[in-house]
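J.: The structure is given below, and queries will be raised subsequently.
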Amino acid sequence: MNAVSKELELPGAFMLGAGAVSAKTAGINGELMPLVLTEAEGRPFVNGSYYSTINPVDGKCLQEKYSDRFHDCDFGLLANLYACEGKPGTVIEVRACRRTGELSLVSCMRKTMEEHYKEKSVALGGTFIIQKGKAKIHIMPREFSSCPLNTDEDVENWLRHFEVSAPFICQTVMVSKDPGLDLRVEHTHGFSHHGEGGHYYIDTTPNTVEYVGYFLPAEFIYRIDRPTETHNVGRD
């Protein structure tokens with residue numbers, strides 16, 4: 001993430017979002033919840049990230065503070081990051097409760113922007129809290145798949161799914177419409193202070209769920225290390 005901040009020409013950036021743990025660092029797969037103040041001249045980085053893996057003892061979710069185990073700001077596979085100066089300012093506050101449709105809070109927000117802005121691409125980053133209720137998440141297995149995952153069904157069968165409880169703190173990056181950069185248009189990871197964390201899908205208690213979130217639009221979209229060959233498997 002320090003290298004990314006330099007690519008953005010924003011040294012010392014504060015970053016949040018959703019990504020994967022670096023298998024080179026951790027030796028296993030895991031879901032990363034980045035919370036990083038990147039390095040700047042005369043100041044080292046500060047890594048407040050969390051990560052979740054499958055507990056090899058009982059097969060349940062194991063969430064840990066990244067800096068308790070590792071001493072870098074690396075990530076692996078992919079990451080969707082929102083980078084800013086980390087200064088106080090005006091934000092967009094969103095409050096919602098009692099889901100009535102089939103879409104998550106993030107999908108509702110993104111699709112609303114897509115319908116309003118039409119062909120224009122608008123990106124938001126931020127954090128929201130599930131204050132009441134429960135949610136569905138997934139965590140990647142500790143080991144890479146021994147066979148290719150060629151369909152969404154293959155991916156779903158490989159992942160491990162859990163239900164987590166409020167309060168659950170989510171970090172999200174969303175883009176109303178892919179401007180031709182082969183983007184993942186929404187990506188959300190969450191963590192908690194009771195040991196649960198991973199990739200957020202949707203709440204599982206629509207009648208009782210309550211959300212509050214704070215978001216900012218992005219001025220620029222950066223696509224780093226775009227692959228020469230692409231696919232849509234596993235993006236949902």
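J.: Would you mind listing the strands (runs of 3 or more DSSP E) fully within region 19-90 where at least 3 residues are surrounded by fewer than 22 Cβ atoms within 10 Å (Cβ to Cβ)?
T.: Counting at least 3 such residues, we get 61-65, 76-84.
J.: Those residues that are more than 17 Å from the chain's Cα centre (by Cα) and within 27 Å of residue 233 (Cα to Cα), I need them from region 183-216; list them, please.
T.: Hit for region 183-216 is 204, nothing else.
J.: While we're on this one: When region 135-175 is examined, which residues are found to be touching a Phe, Trp or Tyr at 6+ places or on another chain (Cβ under 7 Å), modelled with pLDDT of 95 or more and either farther than 24 Å from residue 211 by Cβ or small (Gly, Ala, Ser) (or both)?
T.: 135, 141
Residue-by-condition table, conditions (1) out of contact with any strand residue (DSSP E or B) (no Cβ under 9 Å at 6 or more places or on another chain); (2) of a type in the set (Ser, Thr, Tyr):
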{"position": "41", "(1), (2)": "yes, no"}
{"position": "45", "(1), (2)": "no, no"}
{"position": "48", "(1), (2)": "no, no"}
{"position": "51", "(1), (2)": "no, yes"}
{"position": "54", "(1), (2)": "no, no"}
{"position": "59", "(1), (2)": "no, no"}
{"position": "87", "(1), (2)": "no, no"}
{"position": "95", "(1), (2)": "no, no"}
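J.: So which of 112, 100 ends up being assigned to a loop (DSSP other than H, G, I, E, B) and either modelled with pLDDT of 95 or more or more than 29 Å from residue 23 (Cα to Cα) (or both)?
T.: That would be 100, the only listed residue that is assigned to a loop (DSSP other than H, G, I, E, B) and either modelled with pLDDT of 95 or more or more than 29 Å from residue 23 (Cα to Cα) (or both).
J.: If you check 74, 68, which single one turns out to be free of Cβ contacts under 8 Å to residues at least 60 places away in the same chain and of a type in the set (D, E, K, R)?
T.: Every option except 68 fails the conditions.
J.: Considering region 165-190 alone, what residues qualify as being under 12 Å from residue 139 (Cα atoms) and out of contact with any Cys (no Cβ under 6 Å at 6 or more places or on another chain)?
T.: 189, the sole residue that qualifies.
J.: Then there is this: Tell me, which residue of region 125-134 that is assigned to a strand (DSSP E or B) and not basic (Lys, Arg) is farthest from residue 171 (Cα to Cα)?
T.: 131
J.: Select from region 1-33 the residues that are under 13 Å from residue 199 (Cβ atoms) and either of a type in the set (D, E, K, R) or in contact (Cβ under 8 Å) with a residue 60 or more places away in the chain (or both) and list them in ascending order.
T.: 17, 18, 19, 20, 29, 30, 31, 32, 33
J.: If you don't mind, there's one more thing I want to ask. Taking the condition of being in contact (Cβ under 8 Å) with a residue 60 or more places away in the chain and touching a strand residue (DSSP E or B) at 6+ places or on another chain (Cβ under 6 Å), how many residues in region 142-168 meet it?
T.: 4
The values are calculated or read from the model by the stated rules, or taken from the named source; none is laboratory data. All figures in this text were calculated on a predicted structure; none of them were measured in a lab. We place every Cβ from the backbone using ideal geometry, glycine too, and count neighbours over all the protein chains shown.
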